[in-house]
1. Go through (1) assigned to a helix (DSSP H, G or I); (2) touching a residue at least 60 places away in the same chain (Cβ under 8 Å); (3) over 22 Å from the mean Cα position of the chain (by Cα) one by one and return the number of the condition residue 158 breaks.
2. Only one of these conditions is not met by residue 293: (1) in a helix (DSSP H, G or I); (2) more than 30 Å from residue 81 (Cβ to Cβ); (3) at pLDDT 85 or above. Which number is it?
3. For the range 119-150, which positions are within 19 Å of the chain's Cα centre (by Cα) and surrounded by 14 or more Cβ atoms within 10 Å (Cβ to Cβ)?
4. Can you tell which of 79, 84 is outside any helix (DSSP H, G or I) and either surrounded by 14 or more Cβ atoms within 10 Å (Cβ to Cβ) or in contact with a helix residue (DSSP H, G or I) (Cβ under 8 Å, 6 or more places away or on another chain) (or both)?
5. Any residue at all in the range 188-201 that is in contact with a helix residue (DSSP H, G or I) (Cβ under 8 Å, 6 or more places away or on another chain), within 19 Å of residue 111 (Cβ to Cβ), modelled with pLDDT of 90 or more and surrounded by 15 or more Cβ atoms within 10 Å (Cβ to Cβ)?
6. Condition test on residue 251, is it over 18 Å from residue 284 (Cα atoms), within 21 Å of the chain's Cα centre (by Cα) and in the same structural domain as residue 109 (by TED's automatic domain parsing)?
7. Suppose we filter 179, 202, 127 for residues that are assigned to a loop (DSSP other than H, G, I, E, B) and within 25 Å of residue 224 (Cα to Cα); which single one remains?
8. Output yes when any residue across the range 63-73 is over 23 Å from residue 287 (Cα atoms), touching a helix residue (DSSP H, G or I) at 6+ places or on another chain (Cβ under 7 Å), outside the structural domain of residue 172 (by TED's automatic domain parsing) and not in a loop (DSSP other than H, G, I, E, B), and no when none is.
């Protein structure tokens with residue numbers, strides 16, 4: 001106790017010059033730290049401004065008349081108006097914007113449901129059930145990630161066309177329900193492998209089978225990867241352009257990305273305001289979805305490094 005007090009009590013040997021020098025060094029260190037922090041934040045804000053400026057310009061341009069957009073890079077509109085959104089909500093060829101919105105929402109929601117159901121069940125089989133050829137089948141599934149999508153376009157289209165499924169949502173959704181999305185299966189397999197095996201053994205001692213273990217033990221613990229897969233599945237389906245363009249022919253079945261492309265083609269070249277409004281309407285839902293659920297992405301990625 002005496003030694004501790006001696007450290008905090010000035011002794012006759014403590015000189016005022018040394019104390020002043022120490023305080024000056026601390027002040028200089030704080031100044032350097034403040035300067036570094038200021039430079040860092042200024043650089044970050046500058047990079048953020050460069051990245052976000054196009055999106056912000058598109059949003060503000062949707063409120064401008066078309067004659068203000070061309071040759072004008074200013075953000076603040078001189079004559080702000082929602083007339084462009086009224087035009088965009090009118091749709092294309094008698095099909096309203098809300099029809100396209102409903103189609104995209106249906107595809108995105110069903111994609112999430114299909115991915116979660118099929119990927120979790122398949123991942124449980126690969127991670128928790130011992131069966132002949134498990135490693136071989138898992139390796140083949142992972143190998144499909146290296147297969148370019150363009151290689152299977154023609155065979156898939158011929159197959160769905162022969163089955164009479166072209167111009168329906170089935171070609172866009174059936175793969176989600178059959179665990180064809182290998183990335184999500186791999187994500188959940190890696191998470192399940194980190195869960196302790198003692199959970200399964202304790203459940204089997206109590207008489208639980210695979211269905212009970214999967215439903216009552218695995219699924220509640222898989223919230224992080226399930227939420228991560230749901231977010232990615234929703235965003236990828238919402239932004240998918242090539243699939244709906246390939247398989248859907250009727251305008252009332254088009255998704256928002258296809259409708260946006262057709263809207264840009266059909267509107268006059270000078271009606272940039274309505275095009276910007278249509279783009280904003282197509283981006284806002286998925287942007288809000290990502291902002292609301294982004295914390296689950298961080299949680300899902302961070303838990304992949306934890307061992308059970």
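The values are calculated or read from the model by the stated rules, or taken from the named source; none is laboratory data. Only a predicted model underlies this, so the values are computations on that prediction, with no experimental measurement involved. Methodologically, a virtual Cβ is constructed for each residue, glycine included, from the backbone with ideal geometry; neighbour enumeration extends over all protein chains shown.
1. So residue 158 meets the others, but not (2).
2. Here residue 293 meets the rest and fails (3).
3. Residues of the range 119-150 within 19 Å of the chain's Cα centre (by Cα): 119-120, 145.
Across the range 119-150, the qualifying residues are 119, 120.
4. 79
5. Within the range 188-201, one or more residues are in contact with a helix residue (DSSP H, G or I) (Cβ under 8 Å, 6 or more places away or on another chain), within 19 Å of residue 111 (Cβ to Cβ), modelled with pLDDT of 90 or more and surrounded by 15 or more Cβ atoms within 10 Å (Cβ to Cβ).
6. Values: over 18 Å from residue 284 (Cα atoms): yes; within 21 Å of the chain's Cα centre (by Cα): no; in the same structural domain as residue 109 (by TED's automatic domain parsing): yes.
Spelling it out, it is not the case that residue 251 is over 18 Å from residue 284 (Cα atoms), within 21 Å of the chain's Cα centre (by Cα) and in the same structural domain as residue 109 (by TED's automatic domain parsing).
7. Being assigned to a loop (DSSP other than H, G, I, E, B) and within 25 Å of residue 224 (Cα to Cα) holds for just one of 179, 202, 127, which is 179.
8. yes
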